[in-house]
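Some notes on the structure that comes next.
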Amino acid sequence: MKILFNKYHGTGNDFIMIDNRESQINGSDSGIIAKMCNRHFGIGADGLILIEKDSGEDFRMKYFNADGKEATMCGNGGRCAVAFAAQLGIISDKGTFTAADGVHRASINSGVITLGMNNTKLPDERGEYLFLDTGSPHIIVETGNCDDIDVDIRGRELRWSEQFAPEGVNVNFMEKIKDGTIMVRTYERGVEAETLSCGTGVTAAAIASCYGSGPGKYSIDIITRGGKLSVGFTIKEGRASEITLTGDTRFVFEGIIDTSLL
């Protein structure tokens, strides 16, 4: 079967995007999806996103990790889905879509996409780490120098640690650069490696960076290996709300893949 696809990235977090409103690909075929995401024998990506029809919102986003398994919310993937939906003419400068964790609102301004994230509880202490669920589960490991961390080795150890079994967890190493600015490196489950950035991960890290600061409105700039993002949120009554993830996205290329050759 030949499938038309687009390739996008959000601060280096890259995705295969498919307009699946006419059901040209079966999302239950994890083997084909994993092969398409393979960087040596397929297109290559951190994940694959299907844009599908939705009865209540502008579209539905179905996200699959590079291992081919349908996954939870992906922040950078959501921003790329919004850019792709605009390219398809589904939305213009504003839109709403349904993802695994519910409905999201987004806006586009000169290529920069602001994505509304769902409310979440404030960080939960898990030993020496902070845990948050920002659409996907994350732990935050504060460090004095992100560049010194072997993310693939240390991240893999924590991702599979017994306290987060059986599904495991995403692991974020966070360095506070100055007030309002942090650096984050993420080991993503499902990709099973460090990615250049992770939208739900930097969202979790931004909220964690203000742990203990008390109620108020916050805006945090995040440096990742793939570029810069910003997260805004409000803390009150033990929750983070009005959460936004902002950054640019880039169309990379489009093509046709014959899945029978994978």
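The values are calculated or read from the model by the stated rules, or taken from the named source; none is laboratory data. Because the structure is predicted, anything quoted here is derived from the model rather than measured. Please note: Cβ atoms are built from the backbone with ideal geometry, for glycine as well, and neighbour counts cover all protein chains shown.
Values for this structure:
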item	result
Answer from 54, 19 - the residue that is of a type outside the set (Val, Ile, Thr) and in contact (Cβ under 8 Å) with a residue 60 or more places away in the chain	19
Residues that are closer than 29 Å to residue 248 by Cβ, surrounded by fewer than 18 Cβ atoms within 10 Å (Cβ to Cβ) and in contact with a Phe, Trp or Tyr (Cβ under 6 Å, 6 or more places away or on another chain), drawn from segment 105-148	143
Single match in 204, 165 (criterion: under 23 Å from residue 100 (Cα atoms), loosely packed, with under 13 Cβ neighbours inside 10 Å and either in contact with a Leu (Cβ under 9 Å, 6 or more places away or on another chain) or of a type in the set (A, V, I, L, M, F, W, C) (or both))	165
In segment 62-109, the residues that are in a loop (DSSP other than H, G, I, E, B), touching a Ser or Thr at 6+ places or on another chain (Cβ under 8 Å) and not β-branched (Val, Ile, Thr)	67, 68, 69, 71, 73, 74, 93, 100, 101
Segment 96-119 residues that are assigned by TED's automatic domain parsing to the domain that holds residue 11 and aromatic (Phe, Trp, Tyr), paired with ones that are at pLDDT 95 or above and surrounded by 16 or more Cβ atoms within 10 Å (Cβ to Cβ) (beta carbon under 6 Å, 6 or more apart)	97/57; 97/58; 97/59; 97/61; 97/104
Elements of type strands (runs of 3 or more DSSP E) in segment 130-216, at least 3 residues being under 19 Å from residue 77 (Cβ atoms)	170-178, 181-188, 193-195
Test for residue 222: is it out of contact with any helix residue (DSSP H, G or I) (no Cβ under 9 Å at 6 or more places or on another chain) and crowded, with 24+ Cβ neighbours inside 10 Å	no
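For every residue, the table says whether it meets (1) in contact (Cβ under 8 Å) with a residue 12 or more places away in the chain; (2) within 28 Å of residue 114 (Cβ to Cβ); (3) assigned by TED's automatic domain parsing to the domain that holds residue 39.
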position: 156; (1), (2), (3): yes, no, no
position: 169; (1), (2), (3): yes, yes, no
position: 179; (1), (2), (3): no, yes, no
position: 186; (1), (2), (3): yes, yes, no
position: 197; (1), (2), (3): yes, yes, no
